[in-house]
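These notes concern the structure reproduced below.
The values are calculated or read from the model by the stated rules, or taken from the named source; none is laboratory data. Worth saying up front: this structure is predicted, and the values here are computed from it rather than measured. In this analysis, Cβ positions are derived from the backbone assuming ideal geometry, glycine residues included, and neighbour counts consider all displayed protein chains.
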Amino acid sequence: MSEPPYANLSPDAVLEALEGVGFRCDGRILALNSYENRVYQIGLDDGGFVVTKFYRPQRWSDAAILEEHAFSSELVAQEIPVVAPIDIEGNTLNEHENYRFAVFPRQGGRWPELASSEDRLWMGRFLGRIHAVGASDEFEHRNELSIERMGQESADFLLERGWLPEHLIESYATLTDQLIDAIHDAFDRAGEFRTLRIHGDCHPGNVLWTDDGPHFVDLDDCLTGPAVQDLWLFLSGDREERAAQLQDLLEGYGQFHQFDYRELHLVEALRTLRMIHYAAWLARRWEDPAFPRAFPWFAENKYWEEHVLALKEQAAAVSEPPLEVV
């Protein structure tokens, strides 16, 4: 087994990294909720705080990380509330003992509930503004949302590495083949929709809500994809509730960017891809000790039985008509 990716990232190493780029730390360090990367809140001598993110080794190229940073800064320049990395003497990406890291201002807030129509309109307006900027240029080094990468490669990985219990292997293989065909059909129904630079992982956990509205954090998964990918994760409840929520989001969104309503054919297809990809993500990261500690249920038969059942439910959902909005 190879050495865990963060084996040498001790608290002292974290503080040394920050001191090395000019921050006077007071020794306070709090690990924040992150598994793909390591993220810490660091106390400073002046009583303030910064947040530092140590990127998972070998995941992204320097060019891809810098493109993420540039997109964040581009959004901030348009007065969009995105938490962008701090420029330190012309650099946003730094290195300490072979770990690449960035430093961010601390942003307080709570996860958004989006319980009211006004909150959803507000969120939609900011998403529209983000996408207006996203449509103005293209990524060169970031991923593109792909059925092959998120769906087929993920399912193949789980099967090839023996993650499925014996009694589920055949049904999972058959089911994922059928689902990927159905996802291709959904993309075909959507037609030639436009792709653009998007947040990519825009769920409530990556939004901090304050009295001034939403602040978007963690563009680590920003990519090229359809606009609806940044919208559907805010929908919950039954079909009628989701349609009403989507109506509000798109009303706000449309004030700043045009939405292609054909993309509504993609919602359940994208949900299915995320489900398949999430399971493969956990499996790919299992040698990182943080993952078995945080997700002990992942290695149990019960998880896989429930996962296959949820995918069977998606087989029907992917073929349903899209949500109806006025």
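Filtering region 5-27 to residues that are of a type outside the set (A, V, I, L, M), more than 17 Å from Ile86 (Cβ to Cβ) and either free of Cβ contacts under 8 Å to residues at least 12 places away in the same chain or surrounded by 13 or more Cβ atoms within 10 Å (Cβ to Cβ) (or both) leaves Pro5, Tyr6, Ser10, Asp12, Glu16, Asp26.
Only one residue in Gln229, Gln255 is surrounded by 19 or more Cβ atoms within 10 Å (Cβ to Cβ) and touching a residue at least 60 places away in the same chain (Cβ under 8 Å). Which one? If you could, list the steps in order and put the result at the bottom.
On the way: Gln255 fails: surrounded by 19 or more Cβ atoms within 10 Å (Cβ to Cβ).
Within the list Gln229, Gln255, the selection yields Gln229.
Here is a yes/no grid of residues against (1) in a helix (DSSP H, G or I); (2) assigned by TED's automatic domain parsing to the domain that holds Gln229; (3) within 29 Å of Leu231 (Cβ to Cβ); (4) modelled with pLDDT of 95 or more:
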residue	(1), (2), (3), (4)
Met150	yes, yes, yes, yes
Phe157	yes, yes, yes, yes
Trp163	no, yes, no, yes
Ile169	yes, yes, no, yes
Thr174	yes, yes, no, yes
Asp177	yes, yes, yes, yes
Asp181	yes, yes, yes, yes
Arg189	yes, yes, yes, yes
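Anything in region 81-136 that is among the aromatic types (Phe, Trp, Tyr) and either assigned to a loop (DSSP other than H, G, I, E, B) or without any contact (Cβ under 8 Å) to a residue 40 or more places away in the chain (or both)? List them, or say none. Trp111, the sole residue that qualifies. A search for C-beta distances below 8 Å between a residue of region 150-169 that is closer than 19 Å to Lys302 by Cβ and any residue that is modelled with pLDDT of 95 or more and outside any helix (DSSP H, G or I), counting only pairs 6+ apart in sequence or on different chains, returns Leu158/Leu164. Only one entry of Glu160, Glu144 meets the criterion of being over 22 Å from His199 (Cα atoms), surrounded by fewer than 17 Cβ atoms within 10 Å (Cβ to Cβ) and out of contact with any helix residue (DSSP H, G or I) (no Cβ under 9 Å at 6 or more places or on another chain), and that entry is Glu160.
Considering only residues in region 36-57 that are within 16 Å of the chain's Cα centre (by Cα) and not in a strand (DSSP E or B), the one that is surrounded by the most Cβ atoms within 10 Å (Cβ to Cβ) turns out to be Tyr55.
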